[in-house]
Amino acid sequence: MKILLVEDEDGIASFAIKGLTAEGHQVERATTAGEAAEMALTRDYDLVILDLLLPDGNGRDVLARIRAFEPELPVIVVSALGDIDDKVELLDLGADDYLTKPYAFAELTARIRANSRQGRASSRELVVGDLELDTRTRVAKNGPGVAADLPSREFALLEYLMRHAGQVITRQQLLDAVWGFDFDTGSNVVDVYVGYLRRKLDRPGMPSIIETVRGAGYRVPS
Ligand code: CA
């Protein structure tokens, strides 16, 4: 996909460009609101990743201009502002999705897949056995009567395991994919989050949705 990345911070931009390029995307970067609006409206992109706080203005104005001229272009807003009013306001303004900084790369790619034109049509729903995950609403279901609306890290963790169903994934791989590259590796955060998912989605008397493979990691059985 051809992606317009609007980001004024060099560190975040190079992290995102490196990862997205490695996944086969073509990325162009804008560093100001003026440049972003100009590029979005004069060139062809499949998706825009839009930072809100820009040196010459607010990403909201860029979003409004994109919506006025390119109503179908998917826009994912990224910002350090995490509060719910902002999120609602941005969705009202026409953002397709919202990601809070700092974000892990797996969360970004999950949002890109869920919001791309093809993604909207085809891979919105992940299914492994009885386990279903809607990548747009973040609702997970495990057979009749078991459903949960997942917060973003739990969603990213389950999505990663489901996309690699049948494979044993180490804690370190999960930390890198879901929490980001600089997370403390001594942390038991992965085990804690696997516990959250099991409590929400396991059915009584049935094997867990996430298998522990001793000394190795975790696996969603395929
Ligand atoms: Ca910024």
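Rounded to whole Hz and in sequence order, give me ³J(HN,Hα) for segment 96-101 from the Karplus expression 6.51 cos²θ - 1.76 cosθ + 1.60, θ = phi - 60°, writing x for Gly and Pro.
Rounded to whole hertz, the list is 7, 7, 9, 10, 9, 7.
Applying 1/(1 + (r/R0)^6) with R0 = 45 Å to the Cβ-Cβ distance of D61 and T212, what FRET efficiency is obtained, to the nearest 0.05?
0.40
Would you list, by chain and number, the lysines whose Cα falls below 20 Å from the Cα of K141, excluding same-chain residues fewer than 8 positions away?
Correct list for K141: K200.
For K18, go through the lysines and keep the ones whose alpha-carbon is under 23 Å away, minus same-chain ones fewer than eight residues off.
Qualifying lysines at Cα under 23 Å: K2, K101.
Short version: ³J(HN,Hα) in whole Hz for each residue of segment 205-216, in order, from phi by Karplus 6.51 cos²θ - 1.76 cosθ + 1.60 (θ = phi - 60°), x for Gly and Pro, what are they?
Values, residue by residue: x, 10, x, 5, 5, 10, 8, 8, 9, 4, x, 10 Hz.
How much length, in nm to one decimal, is gained on full extension between K2 and A68, taken as 0.36 nm per residue of separation minus their Cα-Cα distance?
The K2-A68 span can extend by a further 21.7 nm.
Whose amide H sits under 5 Å from the amide H of A30, counting only residues 5 or more places off or on another chain, with H placed in the peptide plane?
L5, V6, E7
Relative to the longest principal axis of the C-alpha atoms of the chain, give the angle of the C-alpha long axis of helix 105-115, reported between 0 and 90° and rounded to the nearest 10°.
Result, in degrees: 70.
Tabulate in residue order the Karplus-calculated ³J(HN,Hα) for segment 52-59, using 6.51 cos²θ - 1.76 cosθ + 1.60 with θ = phi - 60°, rounded to whole Hz; enter x for Gly and Pro.
Computed from phi, the couplings for segment 52-59 are 8, 9, 10, x, 10, x, 10, x Hz.
Show the residues, 5+ positions off or on another chain, whose built amide H is closer than 5 Å to the amide H of V77.
L50, D96, D97, Y98, L99
Based on the alpha carbons, how large is the Rg to Rh ratio for segment 2-101 when Rh follows Kirkwood?
0.93
If you take every DSSP beta bridge fully contained in segment 33-99, what fraction is antiparallel? Give it as a percent rounded to 5.
20
With charges only on Cβ, +1 for K and R and -1 for D and E, what is the dipole size of the chain about its Cα centre, in debye, rounded to 20?
It works out to roughly 1040 debye.
Percent antiparallel among DSSP beta bridges with both residues in the chain, to the nearest 5?
Working: 16 of 33 bridges.
Bridges in the chain that DSSP calls antiparallel: roughly 50 percent.
Projecting each Cα onto the charge dipole of the chain (Lys/Arg +1, Asp/Glu -1 at the beta carbon, about the Cα centre), which of V6, A95, P204 comes out farthest on the positive side?
P204
Binning every alpha carbon pair distance of the chain at 10 Å from zero, what are the percents per bin?
Spelled out bin by bin, the chain gives 8, 32, 33, 19, 7, 1 percent.
Which peptide among 25-31, 104-110 comes first, and what is the full order, when sorted by highest mean count of other Cβ atoms within 10 Å?
Per-residue Cβ counts within 10 Å, averaged per peptide and sorted highest first, yield 104-110, 25-31.
Every number here is computed from the coordinates shown, using simple stated rules; none is lab data. Just so we're clear, the structure is a prediction, and the values are computed from it rather than from any experiment. Cβ coordinates were reconstructed from backbone atoms using ideal geometry, including for glycine residues, and neighbour counts include every protein chain displayed.
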